[in-house]
Structures are given as C-alpha cells and as structure tokens.
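Encoded as structure tokens, the structure appears first; notes follow it.
The values are calculated or read from the model by the stated rules, or taken from the named source; none is laboratory data. Computed from a predicted model, the values in this text were never measured in an experiment. Note: ideal-geometry Cβ built from the backbone for every residue, glycine included; neighbour counts use all protein chains shown. Keep in mind that these areas ignore ligands, DNA and RNA; they rest on the heavy atoms of the full protein, side chains included. Shrake-Rupley method; radii C 1.70, N 1.55, O 1.52, S 1.80 Å.
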Amino acid sequence: MKKLLALLAVCAMMLCSLTACSSSDGGNKDSAILKIGVLQYMQHPSLTESYEGFVDGLKEAGYVDGENIKIDYQNASGEDSNSHQICELFEGNNVDMVLAIATPAAQSAVNVFQDTDIPVLFTAVTDAEEAGLVVSNEAPGKNVTGTLDMPVIYDQISVIKEVLPEAKTLGILYTSSEPNSEIQAEEAKAAAQSLGMEVVIQTASSSNDIKQVVESVVGSVDAVYIPSDNAFANAMATVHATAVENQLPVFAAVEAMIAEGAIATTAIDYYELGKQTAAQAVRVLEGESASNIAVETQEECALVVNKTFAESVGVVIPEEIVKKAAVVY
C-alpha cells in the first residue's frame, strides 16, 4: 500500500511538472507575439493602400499577423481627438510598435509615445520635419521614422501645362487645417509661377466647404490643382460633380483622386510606400533604433491619366501623353 501511495505521489508530481512546463511554454509563445498598433487617420483608398502594403511587406519578411505578430488596426475617421484616444489605447495595451498613417495620425502618435521607448513609424506624411515628427529626415533624433508621400510637385504642375498648354491661371485648393497641404500648395504655387501661370489660392476650413470653394474659382482660373489633402481626397465625389457641372478642369496629386475625378498627375504608389515602411519596421523589430533609420521617400512616380473625366469637362488629353501613362482610367 505504501509503495502504491508513493507511486501515485510520483505520478502526481510528474503531471504537475508537465502542466507547468506546458503553461510556461504557452506563456513564452504568447510573449513572443509582437503587438503592432496601426492608426489610419481616415478612410481613403491611398491610406488604405499604404496599410495593405505595410501588412504585405511584413508578411514577406516573415512577420505574419496572427502568428508571430498581432496587428490592432484602428481608424480615426478624420478626427484628431479620435487619433489621440486611439494612441492612448495602444499605450494602455502595451503595444511594441505603432504605425501612423497620414500626418495628423503621426502627430498624435508622437505626442503620446515621445516619452516612452515604443517606436513610432509613419507613412503617407508629406513633411516630417515641418510636422514636428523628427529633428531631421537624415537623423530623426527620436524613436520615430517612416516614409514620405511628398511628390515632385513641379512634375505634377508640368503635366497641367502639357495637357493645357494655353492655361494662364491655376487655382490651388486645399484645406487650411492641414499643414502638409499648405506645404504642397506653396511648392505648387512656385512651380506654376515658374511655368508662367498666375495663381489663385482658395482654402476650405472643413469638408463642408469644399463644394463652395471649388465653385469660387469657376470663371477665374483655367484649371485647378489639389495637393495630397485628406479632406479633399475624401470629398472627390463632390469635386467631380461640381467640376463637371461647371466644366472645370481639375488636376490632383494622388492617383486615387485622379481615379475619382481629376485629369492627370505623376503619382506616388501608396501600396509600395507601405511596403517601404514595412522594411523599416523589420529593421526596428530586429534590433535597430528607429531614431537611427533615415526617413525615406519614393524615388519614382508614374504618370496617371483619366481620359473619361477629362472628356466630361471638355478636355482632350494629347495622345502622346496617354501613351506615356502607366495607368489610364
């Protein structure tokens, strides 16, 4: 009987030991899953493409959502207060990294995480230095890095002159509350003036003003240019309808905006920009400090045209331009 009891005691100890090991192994597995909080400022195709490129880029590098990483994707619906609250949520959930998509989202993330050791990456940001995200693009100086969507604006304005060589006055429209848009607008103004065009600038204070702002330049400009502006990008259906009604040629900075109602641009590929950001994220996940990784830009932009929209506002895109285009709508 004593032998039997002793044997049962040994079996119980072995069972407890196995259970503990199993629990310990499971704990180690869970702790190995890295948590990445993703904050997208608003719903728009270009920003979503950046997110999709980021996820696919991580996957190609062996970081798969649901396996060795867990992505918590949140959308701020274009509200700065939402951005800040989401970042605080990420902080409370002890994320290992944050990806912020668009300038306002990146500013919220940097504000919340600047005094922590959590790295912040950004994408779809026009000017990281001007937005206060980094000390410099070459040496961020903070636990922050990412990719810029600043296009070669001179090339975009040159496309306008190629399509409309007789254009003398260019309207530049953007949202006054978006610093990245103001930066682009100033560069566009300089480019237009260097190409011999006069410039009329009109701004919207919110998306509610966009139809009125577009209508305000009808009759006083030969064409309109809209930079990579979140509010205008989200209201391209309104821009399209107003432009067609008033036969107003509209050009824009982003391919998604061209697809929805503008004539042509040399465009950033936001999906590839997201993958470029993922490559930076992998370097951070594998031990590099974000502060030592230079902010990057996309080197090559592709010509995109929308023949259908152009014809709807009375513009015929020269065939030699159409032939050069990488994408034709």
Residue count, region 124-147 (criterion: closer than 30 Å to residue 197 by Cα, open to solvent by less than 10 Å² (accessible area, probe 1.4 Å) and in contact with a Ser or Thr (Cβ under 8 Å, 6 or more places away or on another chain)):
3
Suppose we keep only residues that are surrounded by 14 or more Cβ atoms within 10 Å (Cβ to Cβ) and charged (D, E, K, R) within region 285-320. Which one would you say is farthest from residue 151 (Cα to Cα)?
288
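Looking only at region 29-54, filter to residues that are assigned to a helix (DSSP H, G or I) and more than 18 Å from residue 105 (Cα to Cα); which one of those is modelled with the lowest pLDDT?
Checking each candidate, the answer is 29.
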Condition broken by residue 204, with the remaining ones in (1) open to solvent by 10 Å² or more (accessible area, probe 1.4 Å); (2) under 23 Å from residue 106 (Cα atoms); (3) small (Gly, Ala, Ser); (4) at pLDDT 95 or above satisfied:
(1)
I'm checking my understanding of the structure. Among residues of region 242-277 that are open to solvent by less than 20 Å² (accessible area, probe 1.4 Å) and aromatic (Phe, Trp, Tyr), which one is modelled with the lowest pLDDT?
270
Taking only pairs six or more apart or across chains, which ones have beta-carbon atoms under 8 Å, a first residue in region 264-286 that is closer than 19 Å to residue 226 by Cβ, and a second residue that is among the aliphatic types (A, V, I, L, M) and open to solvent by 50 Å² or more (accessible area, probe 1.4 Å)?
266/152
Please tell me if residue 67 is more than 29 Å from residue 232 (Cβ to Cβ), part of a loop (DSSP other than H, G, I, E, B) and either open to solvent by 40 Å² or more (accessible area, probe 1.4 Å) or touching a helix residue (DSSP H, G or I) at 6+ places or on another chain (Cβ under 7 Å) (or both).
yes
When both residues are 6+ apart or on different chains and their Cβ atoms are under 6 Å apart, which pairs have a first residue that lies in region 169-197 and is at pLDDT 95 or above, and a second that is of a type in the set (Asp, Glu)?
169/198; 169/222; 174/229; 175/229
Qualifying positions in region 287-297 - touching a residue at least 60 places away in the same chain (Cβ under 8 Å), part of a loop (DSSP other than H, G, I, E, B) and over 15 Å from the mean Cα position of the chain (by Cα)
289, 293, 294
Within region 219-233, of all residues that are within 23 Å of residue 302 (Cα to Cα) and either surrounded by fewer than 20 Cβ atoms within 10 Å (Cβ to Cβ) or β-branched (Val, Ile, Thr) (or both), the one nearest to the chain's Cα centre (by Cα) is 226
